[in-house]
1. Mind telling me which of D310, D208, D136 comes out most flexible in a GNM of the chain, alpha-carbon contacts under 10 Å?
2. Express in nm, to one decimal, how much length is gained between V39 and Q251 on full extension, taking 0.36 nm for each residue of separation and deducting their alpha carbon distance.
3. Compute the distance in nm between two label points, each set 7 Å from the Cα along the Cα-to-Cβ direction, one at D313 and one at L61.
4. Once every DSSP H run of n ≥ 4 in the chain is given -39500 (n - 2.57) and the sum is divided by its residues, what mean residue ellipticity at 222 nm do you get, rounded to the nearest 500 deg cm²/dmol?
5. Just one of (i) 5, 21, 28, 23, 14, 6, 2, 1, 0, 0; (ii) 6, 20, 21, 17, 15, 12, 7, 3, 0; (iii) 5, 24, 32, 27, 11, 1 is P(r) over Cα pairs in 10 Å bins from 0, in percent calculated from these coordinates, so which is it?
6. Can you tell me the length gained on complete extension of the stretch A95 to Y233, counting 0.36 nm per residue apart and subtracting the Cα distance?
7. Using a simple spin-label model with points 7 Å from Cα along the Cα→Cβ vector, what separation in nm is obtained for E29 and R131?
8. Work out how much length E9 to S214 would gain on full extension: take 0.36 nm times their residue separation and subtract the Cα-Cα distance, in nm to one decimal.
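What follows draws every value from the coordinates through simple rules; no lab data is involved. A quick note: this is a predicted structure, and the numbers were derived from the prediction, not measured. Please note: Cβ atoms are built from the backbone with ideal geometry, for glycine as well, and neighbour counts cover all protein chains shown.
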Amino acid sequence: MLDVLKGDEACAAWLAALDDPAIPRLTAELPDAFDLPDVLLDLAVPHEDINELVRLRAELLASPVLRALLERAVGGLLSRPREPGGGTGLPVFPAATGALGRCFAVFVFVAALPYTRAHHRERGIPDDVSRRTLADLGRNLAVHRRRFGTTGLLVPWWPTRHFRGELYQLGRLQFERVRLGRRTGEGLAATGAPLGPGTQALSMHIPDFRGPMSPEACDDSLARAREFFALHYPEEPGRLAVCHSWLLDRQLKQYLPADSNIIRYQDRFDIAALTETPDDDSPVAFVFGGTETPRGLLPRRTSLQRAVLDHLDAGGHWYPGIGWFRM
């Protein structure tokens, strides 16, 4: 597998980053085959994926090279712990690495779990918040299975935020401690927002499989977030909320009623267009679970499904927006 990774540009860059002598060398232990299913179930991993992951555990541990890579990956994941967006991340492994490549990141997160839980305890994070936050790993495995019918992680870099203590599930919404990048910061500053590159903020995310994002559910999440971050991250004051999503495309107001959950979510934000480059794949992937099905075969049962498809069928495009408000 290592030779395949070295032949892939993104993976080769990741391997090079792991050679940084500043990265801590952390012990990376995996639960034994008897205990691993319980650990996975606590992370909300779908039952259909348990046997495959137990099998792949044995395959990984049988290779000294992959065991060493696992240890280096855990150290890279957790490096620069006080910097939001730090660490080396986790790349998508090439298809040639097979099932173990699709699932390698899962084992990195399982091996990092003791360190993540220690960080949560140090910060006084309640157990229920910790559990529901880390359960997003299982949600992402469920998304992969829904889309491809196999065990794996479509975007292995996404749960790195959860396991680094940067993102927390608080009710319906997720809140991520971030420092705005150049493009996002400049885009918001151009609208007169009190934000710019490097500004500390809370980035809001809307996970799937959590029911409607009603105004009441969003109000509840925001109330929890105000209390949570003031208590557990008091050194990061001046809360500003941001959201970067296709759901903030103002064109949705042409298709959805003013009292719909999405439009009422939009109305919380001062919104700016972040780019003139369309992103038609994101709405299709999030609304329909993937982009592989021909558009003509996709269902039109909900107003959002009809909005996404009718707009594309008319020759339109969807654009991500960026919004902000004071917490």
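1. In the Gaussian network model the winner is D310.
2. 72.0 nm
3. In this crude spin-label approximation the distance works out to 5.4 nm.
4. Details: 14 runs with 153 residues, N = 327.
That calculation yields -14000 deg cm²/dmol at 222 nm.
5. The value computed from this structure is option (iii).
6. 45.7 nm
7. My value for the distance between the label points is 2.3 nm.
8. Values: separation 205, 0.36 × 205 = 73.80 nm, distance 4.20 nm.
Roughly 69.6 nm would be gained on extension.
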